[in-house]
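These notes concern the structure reproduced below.
The values are calculated or read from the model by the stated rules, or taken from the named source; none is laboratory data. Source: prediction; values computed, not measured. So basically every Cβ, Gly included, is an ideal-geometry build from the backbone, and we count neighbours across all protein chains shown.
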Amino acid sequence: MEITISINPILALLVLILALKIYDAFMILVWQPFVLTRRFKKQGISGPKYRFLYGNIGEIKKMKREAQLSILDASSNDVFSRVLPHYQQWIYIYGETFLYWSGTEPRICISDPELAKQILSSKLGFFVKSQIRPEIIKLVGIKGLVFVEGTDWVRHRRILNPAFSMDRLKNMTNVMVACTLKMLEEWKEERSKKETEQSKIIKDMNRDYQRLTADIIATAAFGSSYVEGVEVFRSQLELKKCCKTFLTDMFIPGSQYLPTPLRFRIWKLERKMDNSIKRIVSSRLQSESDYGDDLLGIMLKAYKAEENKRKMSIEEIIHECRTFFFAGHETTSNLLTWTTMLLCLHQDWQEKRREEIFKKCGKEKTPDSETFSKLKMMNMVIMESLRLYGPVSALSREASTNIKIGNVDIPKGTTIVIPLLKMHSDKTLWGSDADKFNPMRFENGVSKAANHPNALLAFSVGPRACIGQNFVMIEAKTVLTMILQRFRLRLSSEYKHSPIDNLTIQPQYGLPVMLQPLED
């Protein structure tokens, strides 16, 4: 007797799909970590043990929580252990090149400046921007200069380069001066409300610098649409507070679409931010024939361009506006914050800089673009501040193919992390005083300040180096010059030295500073 078994083809298909999903999950969650760990071990590279699904995320979160409970001595610049405690511990145990896991994502830490230069300077597409959580991308836009790749990146960079030419930056100095004067006038009014003229003002400089740099980037980027620009900044600041909670969590694909209260808030802020930018763009398109000469004007000219190589869509413009708002105020406000903190701690350098300013610029003259080329000592102080407290703690790239860097074979899909804080405080590169504030090391320029010409990577290096670094430097010099012309700065006794990695390196409890007018 012959028995016939009927199999439902739909059920069979579902079983096959389920089997394939289980296979894929096994490969990602178990087999790949096992194979990659063995592959790196054969090269003499080890690291903390991979834990199913979570990798080393739990350890990282625990070490960061413990580090954030500590308060450093105000005179200590050895902040690596507080900002990146897991890197410090793993370097001590496994050496400077080690493997760890962010969930199921393999990451290899490399802190050799020559290898870092090769990775960041590559123009062949072997190293691309590493994966980042969708929630964080919302801050800057996936179609902005930070994340676009290939021909799109070339097109964006070509369009935006003229906005950051030295001639245009010189013209922007007037905007920086005007915004800084407004802040100084607010300080003056606040002081006049005190009971006596001798009263000192105590300001949270980190908060005031954030407001000031947002003011400057809004005015410089959007010109007459400044009020709308500030609205973008406020939405973005609130969005950042929401998104930072995801920084050290494990990412599960698709979880960004879950309708949780926090994600509803993120979606609402993103819409609000984009709607503000759209109103600015629409207003500029209707009211001006040449669209202006600021950053937005340059992008709108690209929007109207007929040539594809010079063309930019409205969606791309919106994402670029997000990018420059975030990068434009975060980077500079942090640079100003930490430079001010260092000048408060080192009164001798504060006085030296003030003497240089008075000699080259005068006591009351408003600085201009010609002034800054004369302020050599100021440049040295800012570079030393970038070394000790650069805005970004680490850079990362993903290998787009199997590749060898130095003596290390790196498989495709591996993220390479370059811990800038470690490199910038490495005594083998910077000498025995690497943890000390010593601007004189930059007396002969950045390339001769350390044992390697690329030991300082605060703005990265290579084709994807920060397009706005000259803007940041001129803005920092403008603000600090105008403050030092008018005030002596001292740290308040309330200051707690507590650098923290909050997307960028910031003081966990702010920077309270006593401002004493020079006429007192």
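Restricting the first member to region 76-94 and to residues that are closer than 20 Å to Asp433 by Cβ and in contact (Cβ under 8 Å) with a residue 12 or more places away in the chain, and the second to residues that are hydroxyl-bearing (Ser, Thr, Tyr) and in a helix (DSSP H, G or I), the beta-carbon pairs closer than 6 Å and six or more apart or on different chains are Gln88/Ser81. When residues in region 415-449 are screened for being in contact (Cβ under 8 Å) with a residue 40 or more places away in the chain, within 23 Å of Ser396 (Cα to Cα) and of a type outside the set (Phe, Trp, Tyr), 12 of them pass. If you go through region 357-406 and keep only what is part of a helix (DSSP H, G or I), modelled with pLDDT of 85 or more and hydrophobic (A, V, I, L, M, F, W, C), you end up with Ile357, Phe358, Met377, Met378, Met380, Val381, Ile382, Met383, Leu386, Leu388.
Closer than 25 Å to Leu503 by Cβ, of a type in the set (Ser, Thr, Tyr) and modelled with pLDDT of 95 or more, is that true of Tyr100?
On the way: closer than 25 Å to Leu503 by Cβ: yes; of a type in the set (Ser, Thr, Tyr): yes; modelled with pLDDT of 95 or more: yes.
Spelling it out, Tyr100 is indeed closer than 25 Å to Leu503 by Cβ, of a type in the set (Ser, Thr, Tyr) and modelled with pLDDT of 95 or more.
Screening Ser276 with (1) free of Cβ contacts under 8 Å to residues at least 40 places away in the same chain; (2) polar (S, T, N, Q); (3) under 15 Å from Phe222 (Cβ atoms) gives one miss only, at (1).
Residues that are in a loop (DSSP other than H, G, I, E, B) and polar (S, T, N, Q) within region 59-111 comprise Gln68, Ser70, Ser75, Ser76, Asn77, Thr97, Thr104, Ser111, listed in sequence order.
Going through (1) part of a helix (DSSP H, G or I); (2) in contact (Cβ under 8 Å) with a residue 12 or more places away in the chain; (3) among the charged types (D, E, K, R) one by one, Arg234 falls short only on (2). Does Glu315 qualify as being surrounded by fewer than 20 Cβ atoms within 10 Å (Cβ to Cβ) and either assigned to a helix (DSSP H, G or I) or aromatic (Phe, Trp, Tyr) (or both)? Here the answer is yes, as Glu315 does meet what is asked.
Residue check, Arg155 against (1) out of contact with any Lys or Arg (no Cβ under 7 Å at 6 or more places or on another chain); (2) part of a helix (DSSP H, G or I), all met but one. Which one? Result: Arg155 fails condition (1) only.
Do we have Leu139 as part of a helix (DSSP H, G or I), within 21 Å of the chain's Cα centre (by Cα) and of a type outside the set (Ser, Thr, Tyr) here?
On the way: part of a helix (DSSP H, G or I): yes; within 21 Å of the chain's Cα centre (by Cα): yes; of a type outside the set (Ser, Thr, Tyr): yes.
Against the criterion (part of a helix (DSSP H, G or I), within 21 Å of the chain's Cα centre (by Cα) and of a type outside the set (Ser, Thr, Tyr)), Leu139 qualifies.
Condition test on Val140, is it surrounded by 14 or more Cβ atoms within 10 Å (Cβ to Cβ), of a type outside the set (Phe, Trp, Tyr) and under 26 Å from Gly468 (Cβ atoms)? Yes, satisfied. Number of residues in region 19-49 that are within 24 Å of Pro253 (Cβ to Cβ) and among the small types (Gly, Ala, Ser): the value is 2.
Can you find even one residue in region 237-248 that is at pLDDT 80 or above, surrounded by fewer than 16 Cβ atoms within 10 Å (Cβ to Cβ), part of a helix (DSSP H, G or I) and not acidic (Asp, Glu)? Within region 237-248 (the criterion being at pLDDT 80 or above, surrounded by fewer than 16 Cβ atoms within 10 Å (Cβ to Cβ), part of a helix (DSSP H, G or I) and not acidic (Asp, Glu)), the answer is yes, since at least one residue qualifies. The set of residues in region 20-75 that are surrounded by 17 or more Cβ atoms within 10 Å (Cβ to Cβ), closer than 19 Å to Ile108 by Cα and free of Cβ contacts under 8 Å to residues at least 40 places away in the same chain comprises Glu59, Met63. What are the residues in region 89-129 that are among the small types (Gly, Ala, Ser), under 30 Å from Glu320 (Cβ atoms), touching a Ser or Thr at 6+ places or on another chain (Cβ under 8 Å) and buried (at least 18 other Cβ atoms within 10 Å of the Cβ), if any? Selection gives Ser102 alone.
In region 458-486, what residues are buried (at least 22 other Cβ atoms within 10 Å of the Cβ) and either among the hydroxyl-bearing types (Ser, Thr, Tyr) or part of a strand (DSSP E or B) (or both)? If the condition is that a residue be buried (at least 22 other Cβ atoms within 10 Å of the Cβ) and either among the hydroxyl-bearing types (Ser, Thr, Tyr) or part of a strand (DSSP E or B) (or both), then Thr478, Thr481 are the ones that fit. Remark: pairs (first residue in region 141-153, within 13 Å of Ser313 (Cα to Cα); second residue among the charged types (D, E, K, R) and assigned to a helix (DSSP H, G or I); Cβ separation under 7 Å; 6+ apart in sequence or on different chains) = Lys143/Glu315; Lys143/Glu316; Gly144/Glu320; Gly144/Arg322.
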